[in-house]
Each structure stands twice: as C-alpha cells, then as structure tokens.
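Have a look at the structure below, then the notes.
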Amino acid sequence: MSMTMTQKILAAHAGVDKVEAGELILVSLDRVLGNDITSPVAIREFNKLGYDAVYDKTKVTMVMDHFAPNKDIKAAIQCKMCRDFCREKEVVHFYDVGRMGVEHALLPERGLVVSGDVVIGADSHTCTYGALGAFSTGVGSSDMACGMATGKAWFKVPSAIKFVLTGKLNPHITGKDVILHIIGKIGVDGALYRSMEFTGEGVSELSVTDRLTICNMAIEAGAKNGIFEVDEKTLAYVKEHSDREPVVYRADEDAVYDEVIEIDLSTIKPTVAFPHLPENTHTTDEIDEIRIDQVVIGSCTNGYYENIKEAAEIMRGRRVADGVRAIIIPATQEIYLRAMREGLLEVFIEAGCAVSTPTCGPCLGGHMGILAPHERAVATTNRNFVGRMGDPTSEVYLASPAVAAASAILGRIASADELED
Amino acid sequence: MIFEGKVIKYGDNVDTDVIIPARYLNTIDKKELASHCMEDLDLDFQEKVKTANIIVAGNNFGCGSSREHAPLAIKESGVTLVIAKSFARIFYRNAINIGLAIYECPEAAEAIEGGDEVYSDSDRGVIVDKTTGKTFTTKPFPPFIAQIIADGGLMEAIKKGNIR
C-alpha cells in the first residue's frame, strides 16, 4: 500500500483505501479546536455561513487560555464572545478559567484525543497530539469555522520525513533538547508542508511528555504534523485518560519518505535556541556567559507535570539569582493541583519563583511576564521571534525545563550539570 | 485576475509575530489589526503601503502562529498580492481562505526589488517586473482557488454556492 502513518490516518478519514502525497482530499474531523484569540474570528465567520448548530456538540472544543484569565477589557470581550457562543450552541467541551489549561496540554489529559484521530485546531501547536499517534494540525479561523459547521476540512496529502531514533537520552536531556537539536539540523522550513514521522527503537526511551514536546514543535520546522509510532506507553496513556478506543495506524513497510534522518539520542546535549529563530541552536557547553533577566517554565511545550517536577527538583533548596524573575506556569489545573499536593509549588516559592495559574500568557507576549526593551529571557516555550515575549528589542532563548531552572539559579544560561551539589 | 502596483520587499522567515504582534490580538477589528501590521519588522510599512500594494519576500513567509489576523491585517492594509520564495503552510491556507492572493515564485521573489512596479495576471500565471522588464512564470491558481480569491474568501465562496 506504501503509505506513511499520516497518509493512512488521512485515507481512513477520507473514506478511501489509498491516498498519495500531493492529492487534495476532504476528511472527517474527530475534533475541532479553538482558543480565545482564534475562536472569535471563527465565530464571526461561522455566523456568516448561516448554520444554526455546530456539526457535533461533543467534538467542537474551545479553551480560554491565551489572554485568560482576561488580561484586559478587550480580552474579556473576546472570551465572552466564545462563552456566549458555546452556551448557545451547547458546546460540551468549553473550558473557562478555573477548569482550563493550556489547550494542547489539556486535550490529551482530558482524553479528548486518542490514537488515530484527525484533529484540526485554530492554533499552530495543534500538531502536539501526534505524540499519541493522531493526525493533528494547525489551521486558521476560517478552517475552524468550516470545521465547526460541517465537520470536514480539505487537505493536501503530505509527504514525510522519517526520523529514526536510536539510543537513550542522558540525564537532564529531554524532548525539548531533541526537537531543538532536530530544528537546528533541518531549519525552520526544513519540513515545510510535510509530516515528521518518528520511529525507531529510541521511541520507547521517550516518555509521553517528551513526545508531546517534540510533536508540539514540529510546526517550528514548518511541518504539517509530527507523529510518533504508537507503542505500549501511548496505549497506556490513552487508556488512563480516555474512554474512547484508540485506532493504531502503522506505516507500511514500503512507505516512501522524502528523507530518512537518524537521530542518536545518546549524543544530544542541552540545547538552546538563540534569538530570533528556533533554528539558531547552540549546546550549553559551547556558549559564553549570557546573563538573563527572566525565566519562564510552562507552555504547551513544557508545562507538563514531568517538566514541573524536574524543574522543582533542580531548584529544591536553592535560590533564584538576584535580578532574575522566575515564573512557573503549570499547564493545567490538574498539573497545578498535583504539584501543589506534592509540595513542588512550595519548592518554587521558597526558591523565589512566582507561580501562576495556567495560561499561555508570556509565551506569546500576552501577559504574566512581558519583557522590557533589551531584556533577556530563557523560556521553555516554543518561539523566539522578534517581540515574541514583549518589546521588539527583547530576547528569548528557548530551552528545556532543566536548563531554564539551572539558568534561573545561576542568573545566566546554564545546564543543570553546572550547578554545585 | 490582474494585480498591478509597487513593491515592498522583505527577507526570509517573516513570521506572524512581526506581521501582527500578539499584543494586538485582543481585537478582531480588521482596521485596528491593519494599523499595527508589520509594526515590529518595519516601522515605515504604514507609510509605504500608501503607495505600494504588493509584498515580495523570501523563504517561509508567514511562519509561526496560525493567527488568521496576519493575512487579514495585510489585506486590510491595502496589499493585494504577496509573492514569496515559499510560504509557511498555515499562512498559505489562511491567505487563500480570506481571499488574499499569494504566489510561490522563487525566481520572481529573488529578482524583484522594493519600489519596482509589477504587473501580474493570475489566470495566465505571469508576473512582469515593469521596472526591469523581466518576466516570470508561475503556476496559475487552480480554478477553485481562483474562485475563492475572486469571491473574497472561503466563506463568501461557500455562501455564493461556488464551493460545495
């Protein structure tokens, strides 16, 4: 049959036996997602279409996470527009302040995505769910509006790059280092229009969190989607979080790939992306002293329990350096609660960090940690474009939770290995 | 469709955060979005766009966020056509869906300079740099894409019954 994982999922959702790269197809959607920034535009477009109802009240999902808790009056009005729409259309999965989390951390946790699903979201990091063996991709608000109305979206079937993972990660090296390493290698348009498919014996060495982080940043290489081969860890995760049955699609033995790239996980070092592109990567052992003003640990890339736990263990009994503002944002209420019950939030506060309720906040320069001119931040987020976290002259360095935590303590960009015992 | 006008030129990886910074995404008002278009990349954009209406750029134009506000801000600013060496995929989709014409044409994007006068016929897939006299060919839009752009966007095309 010669299809990749992605092509198989798309074929099944288009109701055909086979698809080929480049073909235009119409697929059925298992979930349509939007947030408080993109949904208002989608609602405006949806209302133009003249549909009374959304295609499926249980499949349309809205999460108020970007500028929520409302950062200003305009943001409050946008959230209200989403809230009113969801109430009127009886949308089941509407997540507001107090129940919401950063959308891409929230959906897997709530069991709203399982292996084999097709998900579109009006947010570029919708590609995160490939970690669970789903096809998911970011679209715009018009596509979201059409998806909400019809349950369908058109796609050009992508070709793929196959990443064969081997070896095992070293201590304090996580999914973030892996994906930054890959983007540094192939560039911010290295996978443009294509799928990034992750396979190989090294997959089993990666936690589901690592896989979520890796797929989350597939878009930063220009990819349409990132996707991991489903294994026991995936199935255990899905079973724990969802009542729905996963459907496992494997690539055919003779599937055709544009490129095959081998990544030996054991060779990956703590990796940091310098301003102003995620491809500007350096390993911490080759950089000069770079002083910092702020650290942000959180986001749909790295706000998961495992990330918060690792950062807390590094900060335990230590103090954030003078002159550094460290902001910790667990990605969901559940993660926040668990971190609180396990005493991790206490560790952060004792270290001199601010701990925030879930929000995308500073990642996109919304609120909760905006940078002044020429300030510098280390963030576990996913983009470091000009002005991303604040003033256009400010700088964002992308890194793992371990590097971010160590940097907060030392006041400069550093790996966890540089901390004294 | 015919596009004609003066060019504003940019480089590679023009991302959606500079096209429309997230700090302005607390509104969906097109005019307000347009008033901040390209603000973090080019403070002179608002002035330039008074006399120019075609953007020419390098690789990966529109990379980053899925915000449809980005092509909306560009279109509302008065830009009618964007020519680039390549586009980020979500931006490409969004531009078509809101009825902003875009061409992927590396040769034209390389050769055309800021300030040049350009003429283009999308039905024939021709781009002419009237300033230098150079002509470039690109694939014409497939009919359904041409229809969406002519109708002013996906929603309008659906409403008019042109997309089923």
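Brief remarks follow.
- Pairs meeting the criteria (first residue in region A:77-102 and among the aromatic types (Phe, Trp, Tyr), second residue assigned to a helix (DSSP H, G or I), beta carbons under 6 Å, at least 6 apart or on different chains) are A:Phe85/A:Ile43; A:Phe94/A:Cys86.
- Inter-residue pairs, beta-carbon under 9 Å, first assigned to a helix (DSSP H, G or I) and in region A:232-259, second basic (Lys, Arg), 6+ apart: A:Lys233/A:Arg211; A:Thr234/A:Arg211; A:Val238/A:Arg244; A:His241/A:Arg110
- Every pair of residues 6+ apart whose Cβ atoms lie under 7 Å, when the first sits in region A:214-228 and is assigned by TED's automatic domain parsing to the domain that holds A:Gly130 and at positive phi while the second is buried (at least 24 other Cβ atoms within 10 Å of the Cβ) and in a strand (DSSP E or B): A:Gly222/B:Cys63
- Single residue of region B:18-57 satisfying the filter (facing chain A (nearest Cβ under 10 Å) and touching a Gly at 6+ places or on another chain (Cβ under 6 Å)) that is surrounded by the fewest Cβ atoms within 10 Å (Cβ to Cβ): B:Arg23
Table: residues versus (1) of a type outside the set (Phe, Trp, Tyr); (2) out of contact with any Asp or Glu (no Cβ under 8 Å at 6 or more places or on another chain); (3) without any contact (Cβ under 8 Å) to a residue 60 or more places away in the chain; (4) under 21 Å from A:Lys71 (Cα atoms).
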site: A:Glu342; (1), (2), (3), (4): yes, yes, yes, no
site: A:Thr357; (1), (2), (3), (4): yes, yes, no, yes
site: A:Cys360; (1), (2), (3), (4): yes, no, no, yes
site: A:Leu364; (1), (2), (3), (4): yes, no, no, yes
site: A:Glu375; (1), (2), (3), (4): yes, no, no, no
site: A:Phe385; (1), (2), (3), (4): no, no, no, no
site: A:Gly390; (1), (2), (3), (4): yes, no, yes, yes
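- Check on A:Val63, outside the structural domain of A:Gln333 (by TED's automatic domain parsing), surrounded by fewer than 24 Cβ atoms within 10 Å (Cβ to Cβ) and more than 14 Å from A:Gly147 (Cα to Cα): no
- Filter result (under 26 Å from A:His276 (Cα atoms) and not polar (S, T, N, Q)) within region A:198-219: A:Asp210, A:Arg211, A:Leu212, A:Ile214, A:Cys215, A:Met217, A:Ala218, A:Ile219
- Failed condition for B:Tyr103, given (1) touching a strand residue (DSSP E or B) at 6+ places or on another chain (Cβ under 9 Å); (2) within 14 Å of another protein chain (Cβ to nearest Cβ): (2)
- Subset of region B:119-164 that is surrounded by 20 or more Cβ atoms within 10 Å (Cβ to Cβ) and hydroxyl-bearing (Ser, Thr, Tyr) - its residue that is nearest to the other protein chains (Cβ to nearest Cβ): B:Ser122
- Any hit, region A:13-27, residues being in contact with a Ser or Thr (Cβ under 9 Å, 6 or more places away or on another chain), more than 13 Å from every other protein chain (Cβ to nearest Cβ) and not in a loop (DSSP other than H, G, I, E, B): yes
The values are calculated or read from the model by the stated rules, or taken from the named source; none is laboratory data. Owing to the predicted nature of the structure, the values given are computational and were not obtained by experimental measurement. Backbone-built Cβ (ideal geometry, glycine too); neighbour counts: all protein chains shown.
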